Amino acid sequence: MDFLMRLLRRRFGVNREYYKMVDDMFGFIPNNIELYKLALIHKSASLILEDGRQINNERLEYLGDAIIEAVTSDYIFIEYPDEQEGFMTRMRAKMVSRQSLNEIARRIGLADRVVSNSGGNIQQKHIYGDAFEAMIGAIYLDKGYDFVNRLLINDIYGNCIDLDELAEDETDFKSRLIEWSQKHRHGIEFRTTACRAGHPSRSKFRAVVLIDGMEVGYGEGESKKEAEQQAARSVSAAEPTDKACAEFLDTYDRLSGDETAAR
């Protein structure tokens with residue numbers, strides 16, 4: 001019966017292209033196809049109802065984001081029984097990052113099906129990851145949490161994400177620096193500003209990282225997040241060791257002492 005229904009849905013009816021799309025991407029035939037059609041509609045291409053309400057995938061995106069984070073947290077907790085909270089938090093952040101979700105959307109063919117009027121604007125690159133979140137929200141409403149859990153872990157993560165490579169590719173320098181500062185009871189602050197017109201670089205934002213009020217790193221980027229990551233990276237591109245911490249504190253104490261003497 002399942003085989004027959006799949007064949008009929010894929011070949012006949014006004015929604016056959018949508019049934020085929022979901023089946024090709026995820027390997028199943030939906031119950032409520034309207035949810036999946038809605039998941040494809042970006043805010044820029046919203047449908048306007050007679051009462052003036054706009055219909056798009058934002059609500060499904062909100063739901064899917066929460067489901068993905070919950071499943072991913074469970075997955076990492078099981079896969080890394082000996083790791084601490086900091087490691088698991090960083091792994092989850094990388095797995096559910098906009099870059100990661102955008103790449104998943106491209107690999108499963110979802111990026112080609114998103115309905116958008118963004119015109120390819122570079123600032124709208126996140127729409128593919130947003131659509132993936134919306135699609136997961138639709139699957140959750142249509143099939144339930146256990147179904148989404150199995151689909152994400154066994155099929156999507158299994159085919160699109162290399163956990164070993166991800167664990168070795170440490171890129172969240174800001175989180176690491178904040179974690180180090182909290183561990184050693186130091187205050188940390190990121191001050192990020194938009195670059196003024198005529199700035200020598202093409203970056204849009206410039207960030208300064210301060211530890212206990214002292215400027216220790218700088219970074220620039222196309223977004224505030226990127227600028228802050230670059231600033232944190234300039235302080236340390238690797239997990240701070242005890243020796244590195246001691247050297248930093250010695251330098252900080254020396255500079256603080258020189259400043260006091262000068263006053």
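The heavy atoms of K37 offer some 50 square angstrom of accessible surface to a 1.4 angstrom probe.
In plain terms, the chain from S46 to F12 could stretch by 9.5 nm, reckoned as 0.36 nm per residue minus the Cα-Cα distance. How large is log10 I(q)/I(0) at q = 0.11, 0.12, 0.13 Å⁻¹ when the Debye formula is applied to the Cα atoms of segment 11-137, each weighted equally and without solvent? One equal scatterer on each Cα of segment 11-137 leads to -0.44, -0.52, -0.60. Solvent exposure of E83, expressed as accessible area, is near 80 Å², computed with a probe of 1.4 Å over the protein chains only.
For segment 131-187, what class follows from the C-alpha gyration tensor (a ≥ b ≥ c being the square roots of its eigenvalues): rounded when a/c is under 1.5, otherwise prolate if a/b is larger than b/c, else oblate? Because a/c hits 1.5 or more and a/b exceeds b/c, segment 131-187 counts as prolate. If R0 is taken as 30 Å, the Cβ-Cβ distance between S97 and Y145 corresponds to a FRET efficiency of 0.85.
Annotation: Y145 carries an accessible surface of approximately 80 Å², with a 1.4 Å probe and no ligand, DNA or RNA atoms counted.
Arrange the residues H184, H42 by how much accessible surface each exposes, largest first, with a 1.4 angstrom probe. Can you show the working numbers first?
Numbers: H184 55, H42 25 Å².
Solvent-accessible surface, decreasing: H184, H42.
Going from most exposed to least, what order do D142, D82 have by accessible area with a 1.4 Å probe? Please report the intermediate quantities before stating the final value.
Details: D142 25, D82 135 Å².
In descending accessible area the options line up as D82, D142.
Shown are K94, K20, whose ranking by accessible area with a 1.4 Å probe and every protein chain present, most to least, is K20, K94.
The values are calculated or read from the model by the stated rules, or taken from the named source; none is laboratory data. What you are looking at is a predicted structure, and each value in this text was computed from that prediction instead of being measured. Heads up, the Cβs are rebuilt from the backbone with ideal geometry, glycines too, and the neighbour counts pull from every protein chain shown. Quick note on the areas: whole protein, heavy atoms, side chains included, nothing else; ligands and nucleic acids left out. Shrake-Rupley method; radii C 1.70, N 1.55, O 1.52, S 1.80 Å.
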